[in-house]
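Q: Right, I'll just put the structure down here and ask away after.
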Amino acid sequence: METTYNPGERRRGLIQLHLSVFLAGFTGLFGKLITLNEVDIVWYRMLFTTMILIVFTGCPRVGWRKVIQTAGCGTLLGLHWILFYASIKASNVSIGVVCFATVGFFTALLEPLIHRHKVSWREVGLSLITIAGIACIFSFDARYRTGIFIGLLSSVACTLYIIFNKDISRDMRTRDVLFWQMSGGWLGVTLIIPLYLMAYPSSQPVVVIPEGTNLWLMLCHALFCTVGLYMLQIMALKRLSAFTVNLTYNLEPVYSILWAFLLFGEARELNLSFYIGIALVVLSVVLTNSLKPKSPAPDMSKQ
């Protein structure tokens, strides 16, 4: 369910949300253009983001309990990123970002379990439209099953991140949340990388220092698609439900695929069922953003 009656706050949250989704559309392109292993991309993305935040905001002081909670959320985010980039490298940009569209479905199922409230059949219905779209998309080729499986695991990790992040960030400043998620997540990712490599051994060198084009791409990735994107997302979560945020992120594949068509020529790999699937995904987003929220407005004093 939505977290606000206030149409002005909802409108502001939707603007912040859609700006963050637009920036997210470039994430898959960076995953394709950066030639590093997926674990290197995530490790350096979090490290560079932490360094950027230190320069602009310093090191904020919060209680240890909040540090541990936000670090845990950051680790979930890092795991999502690793699996997301692995999905792209195992298939292509289009498949990797389309798998991300299942977060709305996973949210409709997992959020009621975590928060112990009734399942919203409206949310389930909207999610099923997305799943129908995903089914159409996946029907066009069976070569990418490994990439699809990893992409679905990535979506589960992202769903859990947004559900928990909404609760944790409610009474914290946006920049404080982001700093401790990136710095704590960087430590968490450092610990889980060896376990990940045991499950999915890499054919590329794992410990690589980015230089040249990779270095500049990583810095841009950290500044625009991490600092900018997640500050907007955290602000949107203060005004909108986790379900609305997750389902609206189904538009990320649309942005990413359009860029992939232009830069990588992936359009020639796709057929009519793919485009029908994309249309269903967009429909689910339009419907969820047009439905009227039902619950009272949140306290925005902590913004």
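Q: Can you name the residue in region 132-147 that is modelled with pLDDT of 75 or more and touching a helix residue (DSSP H, G or I) at 6+ places or on another chain (Cβ under 6 Å) and is also most open to solvent (accessible area, probe 1.4 Å) among such residues? Explain how you work it out, then say what you get.
A: Filtering region 132-147 for residues modelled with pLDDT of 75 or more gives 132-133, 136, 145-147.
Still in the list and also touching a helix residue (DSSP H, G or I) at 6+ places or on another chain (Cβ under 6 Å): 132-133, 136, 146-147.
On the way: Ala132: 45, Gly133: 0, Cys136: 38, Thr146: 90, Gly147: 0 Å².
Applying the filter and picking the extreme gives Thr146.
Q: Let me ask something additional. For region 200-242, enumerate the residues that are part of a helix (DSSP H, G or I), modelled with pLDDT under 90 and either of a type in the set (S, T, N, Q) or loosely packed, with under 14 Cβ neighbours inside 10 Å (or both).
A: Answer for region 200-242, where residues must be part of a helix (DSSP H, G or I), modelled with pLDDT under 90 and either of a type in the set (S, T, N, Q) or loosely packed, with under 14 Cβ neighbours inside 10 Å (or both): just Gln233.
So that you can scan it fast, the table gives a plain yes or no per residue for (1) part of a loop (DSSP other than H, G, I, E, B); (2) aliphatic (A, V, I, L, M):
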site	(1), (2)
Lys118	yes, no
Val124	no, yes
Gly151	no, no
Ala157	no, yes
Ile163	no, yes
Val177	no, yes
Pro194	no, no
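Q: Step by step: first the residues of region 77-123, then only those that are buried (at least 19 other Cβ atoms within 10 Å of the Cβ) and of a type in the set (Ser, Thr, Tyr), then the one that is nearest to Met46 (Cα to Cα). Which residue is that?
A: Ranking the qualifying residues of region 77-123, first place goes to Tyr85.
Q: Could you run through region 164-175 and say how many residues are surrounded by fewer than 24 Cβ atoms within 10 Å (Cβ to Cβ) and within 16 Å of the chain's Cα centre (by Cα)? Give the steps one after another, and end with the answer.
A: Filtering region 164-175 down to residues surrounded by fewer than 24 Cβ atoms within 10 Å (Cβ to Cβ) leaves 164, 166-168, 170-175.
Checking the rest, the ones that are also within 16 Å of the chain's Cα centre (by Cα) come to 164, 166.
So the answer is 2.
Q: If a residue counts only when it is touching a residue at least 24 places away in the same chain (Cβ under 8 Å), closer than 13 Å to Trp81 by Cβ and open to solvent by 10 Å² or more (accessible area, probe 1.4 Å), which helices (runs of 4 or more DSSP H) contained entirely in region 1-61 have at least 3 such residues? Spell out how you get there, then give the answer.
A: Values: elements: 7-24, 27-33, 38-57.
Hits in region 1-61: 38-57.
The values are calculated or read from the model by the stated rules, or taken from the named source; none is laboratory data. Computed from a predicted structure; not experimentally measured. Ideal geometry is used to build each Cβ from the backbone, glycine not excepted, and the neighbour counts take in all protein chains shown. Quick note on the areas: whole protein, heavy atoms, side chains included, nothing else; ligands and nucleic acids left out. Shrake-Rupley method; radii C 1.70, N 1.55, O 1.52, S 1.80 Å.
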